[in-house]
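Visitor: If you scroll down you'll find the structure; I have some questions about it.
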Amino acid sequence: MKLIIGFGKPKSGFVPLAWAIELIEKVGYSHTYFKWADAAGVDQIFETVLSGTKQVTATDFLAGYSVVEEYAFELSDADAKVYQNFVTKYNGVPYSYEKLFGVEVAKIFNLNTNPFSNDDKSLICTHTLMLLIEALPNVFVGAESIKLSPSAVGLKTLHDFIVSNKNATRVVA
């Protein structure tokens, strides 16, 4: 199974939350997501957005988001099963403004943990990606190099980790 980790941003004009993330993180994207083809060959997206963590078709996703970069990872059958269980486990988890605010505070003040929220009862896109990285150590080699708690990792840190990962193949740039 091919799993793609993507970085994107809203297509619509000025989105204050996305703009703030890009400004604080100093990057050209405000969102991360996962993409794979289901059994029927339809591309699916798993993402954490304001309405919560959810699975949508890539067509629906692309109606509202622009893809900035994507990186492909090959999953073994065992890792594909772990991924499917991950999607099942986290699908429907609510979004956390508190966690998002904490990630950016941690970034600004160089903290290793999120000062506001460290649990998995609510998520933001970066925390979801960090949990996936931890769930698939054979795929995302070197995750221990990320010296932050999963709920404090920002987009730039995760992007740099994905880009430099020996198992990553750039798909879209």
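The values are calculated or read from the model by the stated rules, or taken from the named source; none is laboratory data. These figures come from a predicted structure and were not determined experimentally. Cβ placement follows ideal geometry from the backbone for every residue including glycine, while neighbour counts extend to all protein chains displayed.
Visitor: May I ask you to say which residue of VAL139, VAL172 is surrounded by 14 or more Cβ atoms within 10 Å (Cβ to Cβ) and among the β-branched types (Val, Ile, Thr)? Before the answer, list the steps.
Guide: On the way: VAL172 fails: surrounded by 14 or more Cβ atoms within 10 Å (Cβ to Cβ).
Among VAL139, VAL172, only VAL139 is surrounded by 14 or more Cβ atoms within 10 Å (Cβ to Cβ) and among the β-branched types (Val, Ile, Thr).
Visitor: So, one more: Hey, could you check segment 107-151 for residues that are modelled with pLDDT under 85 and of a type in the set (Gly, Ala, Ser) and say which is nearest to THR169 (Cα to Cα)?
Guide: Here the answer is ALA143.
For (1) without any contact (Cβ under 8 Å) to a residue 24 or more places away in the chain; (2) in contact with a strand residue (DSSP E or B) (Cβ under 7 Å, 6 or more places away or on another chain), each residue gets a yes or a no:
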{"residue": "LYS2", "(1), (2)": "no, yes"}
{"residue": "ILE5", "(1), (2)": "no, yes"}
{"residue": "PRO10", "(1), (2)": "no, yes"}
{"residue": "HIS31", "(1), (2)": "no, yes"}
{"residue": "GLY41", "(1), (2)": "yes, no"}
{"residue": "THR59", "(1), (2)": "yes, no"}
{"residue": "PHE73", "(1), (2)": "no, yes"}
{"residue": "SER76", "(1), (2)": "no, no"}
{"residue": "ALA106", "(1), (2)": "no, no"}
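Visitor: Next question. Taking the residues in segment 40-90 that are assigned to a helix (DSSP H, G or I) and of a type in the set (A, V, I, L, M) as candidates, determine which candidate is nearest to ILE133 (Cα to Cα).
Guide: In this case the residue turns out to be VAL82.
Visitor: Count, please, the residues in segment 12-29 that happen to be farther than 21 Å from GLY154 by Cβ and in contact (Cβ under 8 Å) with a residue 12 or more places away in the chain.
Guide: Counting residues in segment 12-29 that are farther than 21 Å from GLY154 by Cβ and in contact (Cβ under 8 Å) with a residue 12 or more places away in the chain gives 1.
Visitor: So the check is Cβ under 8 Å with 6+ separation or different chains; which pairs have a first residue in segment 124-147 that's at positive phi and in contact (Cβ under 8 Å) with a residue 40 or more places away in the chain and a second one that's in a loop (DSSP other than H, G, I, E, B) and of a type outside the set (D, E, K, R)?
Guide: Short answer, once both residue conditions are applied: none.
Visitor: Filter segment 91-142 for residues that are among the β-branched types (Val, Ile, Thr) and part of a loop (DSSP other than H, G, I, E, B); which is nearest to ALA20 (Cα to Cα)? Steps first, answer last, please.
Guide: Taking segment 91-142 as the starting set, the residues that turn out to be among the β-branched types (Val, Ile, Thr) are 93, 103, 105, 108, 113, 124, 126, 128, 133, 139, 141.
Keeping just the survivors that are part of a loop (DSSP other than H, G, I, E, B) gives 93, 113, 124, 139, 141.
Details: VAL93: 23, THR113: 20, ILE124: 15, VAL139: 31, VAL141: 30 Å.
Ranking the candidates gives ILE124 first.
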